[in-house]
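The values are calculated or read from the model by the stated rules, or taken from the named source; none is laboratory data. Predicted model only: the values in this text are computed from it and were never measured. Please note: Cβ atoms are built from the backbone with ideal geometry, for glycine as well, and neighbour counts cover all protein chains shown. What goes into the accessible areas is simple: the full protein's heavy atoms, side chains included, and nothing from ligands, DNA or RNA. Shrake-Rupley method; radii C 1.70, N 1.55, O 1.52, S 1.80 Å.
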Amino acid sequence: MAANSRVTIAAHALAWLELARRQGRDVLTSEEVAASVNTNPVIVRRSLGDLQRAGLVTARRGAGAGFSLARGAEDITLLDVWLAVSPEPLLALHHSEPNLECPVGRGIRPVLSDLYDEATEAFRATLARQSVAAVLERILQ
């Protein structure tokens, strides 16, 4: 099972957009972002589309086409990024109902649901404390 890298690609794109902004380039193309991520521009465009729908980036068409941050990098948290690109829950229960005649099968869902909710809240709180600007600062150290 592969880990979900959608958040990583989106955070990378946002950090690169912020660095470019600091260097005087307000707009980057998906090809320029893809070159930094070292992936196909189609994957980056999909991620940037998710970020645009969430209001984290804006897209410019025509002459000077490309993407830019919709608000300051210090105002975009990694929780914002995760919510924009990760439609699945952090942790999921069984895809089918466990055997309810088994004592473990009968009781596991409510117990794990509570634990997963607690873990998800801790995860969300950690991401909420980190902005794209803070991530970029750590990268540039």
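Among Ser68, Ser30, Ser96, the largest mean-square fluctuation in a Gaussian network model of the chain, built with springs joining Cα atoms closer than 10 Å, belongs to Ser96.
Hey, got the dipole for the stretch 41-141? About the Cα centre, +1 on K and R Cβ, -1 on D and E Cβ, debye to the nearest 20?
Details: 11 positive and 12 negative charges, 129 e Å.
Charge dipole of the stretch 41-141: 620 debye, to the nearest 20.
For the stretch 8-91, the list of trypsin sites (Lys or Arg not before Pro) that fall in a loop by DSSP and count at most 10 other C-beta atoms within 10 angstrom reads Arg61. Simple spin-label estimate for Arg25 and Ser86 gives 2.8 nm between the two label positions (7 Å along the Cα-to-Cβ direction from each Cα). Using the Cα gyration tensor of the stretch 25-70, with a ≥ b ≥ c the square roots of its eigenvalues, what is the shape: rounded (a/c below 1.5), prolate (a/b larger than b/c) or oblate (neither)? Oblate shape, in that a/c is at least 1.5 and b/c is the bigger or equal ratio. When the convex hull of its Cα atoms is viewed from all sides, the chain shows a mean projected area of 10.4 nm². Ranking Cys102, Val37, Ala59 by how far each Cα lies toward the positive end of the dipole of the chain (charges on Cβ) leaves Ala59 at the top.
Within the chain, what whole-number % of the accessible surface is contributed by carbon and sulfur, with the 1.4 Å probe and all protein chains included in the calculation?
Values: 4700 of 8720 Å².
The value for the chain is 54 percent carbon and sulfur by accessible area.
Measuring r between the beta carbons of Ala128 and Glu101 and using R0 = 41 Å, the FRET efficiency lands at 0.45.
How charged is the neighbourhood of Arg46? Take every other residue with its Cβ under 13 Å from the Cβ of Arg46, and add Lys/Arg as +1 and Asp/Glu as -1. Working shown, then result.
Values: positive: Arg6, Arg45, Arg53; negative: Asp50.
So the environment of Arg46 carries a net charge of +2.
Model label sites at Asp117 and Asn38, defined 7 Å from Cα along the beta-carbon direction, differ in position by 4.2 nm. Under the simplified labelling scheme, the Ile108-Glu74 pair shows an inter-label distance of 4.8 nm, with each label point 7 Å from Cα along Cα→Cβ.
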